[in-house]
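The values are calculated or read from the model by the stated rules, or taken from the named source; none is laboratory data. Everything numeric here is computed off the predicted structure, so don't read it as measured data. Reconstructed Cβ throughout: ideal geometry from the backbone, glycine too, with neighbour counts over all protein chains shown. What goes into the accessible areas is simple: the full protein's heavy atoms, side chains included, and nothing from ligands, DNA or RNA. Shrake-Rupley method; radii C 1.70, N 1.55, O 1.52, S 1.80 Å.
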Amino acid sequence: MSRDSPLGLPGLPRDSEGPVFKEPWEAKAFAMALRLHERGVFTWNEWAEALAHEIGTARARGDADLGDTYYEHWLRTLEGMVARKGAASGDELDRYQHAWAQAAERTPHGSPIELRPADLTEPTVP
Amino acid sequence: MRALETVLTQKGYVDPAALDVLIETYQTKIGPRNGARVVARAWCDAEFRRRLLDDATAAIASLGFQGRQGEHMVAVENTAELHNMVVCTLCSCYPWPVLGLPPTWYKSAPYRARVVKDPRGVLKDFGVTLPEAVRIRVWDSTAEVRYLVLPQRPAATEHLTETELADLVTRDSMIGTGLARAP
């Protein structure tokens with residue numbers, strides 16, 4: 001998937017009919033949104049509206065919005081949506097984010113990173 | 001990302017194994033080939049073509065392809081006088097059941113903005129030049145309505161089977177940024 005555009009149009013990314021996800025987390029974020037929708041957490045209309053809003057916000061922040069940051073917008077939309085729908089609050093996400101960061105820190109390079117209960121209970125670094 | 005997955009998994013909203021199945025399905029099983037089969041069928045079967053243009057959701061479902069978002073499908077037919085192109089100006093709604101997931105350029109602001117203002121210019125960038133007399137119509141997708149372009153059948157393909165014809169149908173030809181390949 002090349003970002004050098006053979007088109008006369010600067011910045012319009014093109015690809016062959018290649019893979020649709022750049023990195024595994026993109027696929028995860030995609031699938032999670034689908035599952036939550038299927039479970040009735042939100043309607044697809046709500047999703048499209050929230051995503052469009054997120055993309056607009058990102059552009060206002062200066063994101064060139066060339067399609068390569070699409071799943072970043074998607075993930076941010078998902079985080080906002082689960083918080084709004086009460087599936088997972090911002091605090092909970094922060095707690096787990098911190099826990100994962102801590103787990104990554106204590107895990108030697110090359111080993112799989114696993115979350116332990118202690119990662120969650122230890123107080124946040126001031 | 002991992003935090004989100006952990007929280008949602010623990011609360012029972014998602015199941016990591018089910019997510020993997022979903023990803024696998026979208027990466028390898030659903031893709032532009034579904035759409036190509038729809039197009040090839042429409043080229044070979046006038047009755048199916050009529051049903052596709054009348055009620056694309058039902059016609060496409062009859063081949064076993066169905067959306068997960070309950071989206072309504074509309075097929076728009078290219079002719080010698082009219083060329084159709086599809087965009088989603090707001091986000092990137094896309095006919096997943098038939099085309100899989102959208103390419104990067106479809107999700108990019110330059111495409112989303114320019115195809116509306118200068119569709120002929122965008123086509124040229126994709127290497128397609130249409131006669132001036134051909135009108136271009138651009139369809140803006142929504143969460144509820146997704147479009148599939150039914151490209152023109154290439155000339156001199158009367159002898160080809162439906163499977164061979166499907167091989168001529170590119171993803172871009174079903175978005176309208178390309179034409180079906182010549183055999």
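Quick notes
- Just checking the listed ones, B:138, B:149, B:39: in the Gaussian network model of chain B with Cα springs under 10 Å, the one fluctuating most is B:138.
- Each of the peptides A:45-57, A:107-119 was scored by the mean count of other Cβ atoms within 10 Å over its residues; in descending order, highest first, they stand as A:45-57, A:107-119.
- Formal net charge of residues neighbouring residue B:19 (Cβ-Cβ distance under 10 Å; K, R +1; D, E -1): -2
- Cα pair distances exceeding 15 angstrom across the range B:32-81, given as percent: 41 percent
- Between residue A:94 and residue A:72, the FRET efficiency estimated from the beta carbon spacing at R0 = 25 angstrom works out to 0.85.
- Label-point separation in nm, residue B:133 to residue B:80, each point 7 Å along Cα→Cβ: 0.8 nm
- Highest-MSF residue in chain B out of B:55, B:172, B:20 [GNM, Cα springs under 10 Å]: B:20
- Cross-link pairs A:85/B:11; A:28/B:29; A:22/B:124 - those with Cα-Cα distance over 20 Å: A:22/B:124
- If you take the alpha carbon atoms of the range B:52-124 and fit the smallest convex hull around them, that volume is 111 Å³ per residue.
- Debye log10 I(q)/I(0) for the range B:56-183, one point scatterer per Cα, at q = 0.09, 0.12 Å⁻¹: -0.25, -0.45
- Within straight-line cross-link reach of residue B:117, aspartates and glutamates at Cα separation under 15 Å, skipping those fewer than 8 residues along the same chain: B:125, B:140
- Max mean-square fluctuation residue, GNM over chain B, Cα-Cα springs under 10 Å, options B:74, B:134, B:14: B:14
- Cα-based Kirkwood hydrodynamic radius, the range B:1-103, one decimal, Å: 15.8 Å
- According to the Cα-based calculation, Rg over Rh for the range B:122-168 is 1.05, with Rh computed by the Kirkwood formula.
- For the range A:22-88: rounded, prolate or oblate by the Cα gyration tensor [a/c cutoff 1.5]: oblate
- Relative to the longest principal axis of the Cα atoms of chain B, the long axis of helix B:32-44 makes an angle of roughly 30 degrees.
- The residues of the range B:1-132 present an accessible area of 41 Å² per residue when probed at 1.4 Å with all protein chains retained.
- Directionally averaged shadow of the protein assembly as shown, computed from the convex hull of its alpha-carbon atoms, nm²: 18.2 nm²
- The mean number of Cβ atoms from other chains found within 10 Å of a Cβ in peptide A:96-109 is 2, as a whole number.
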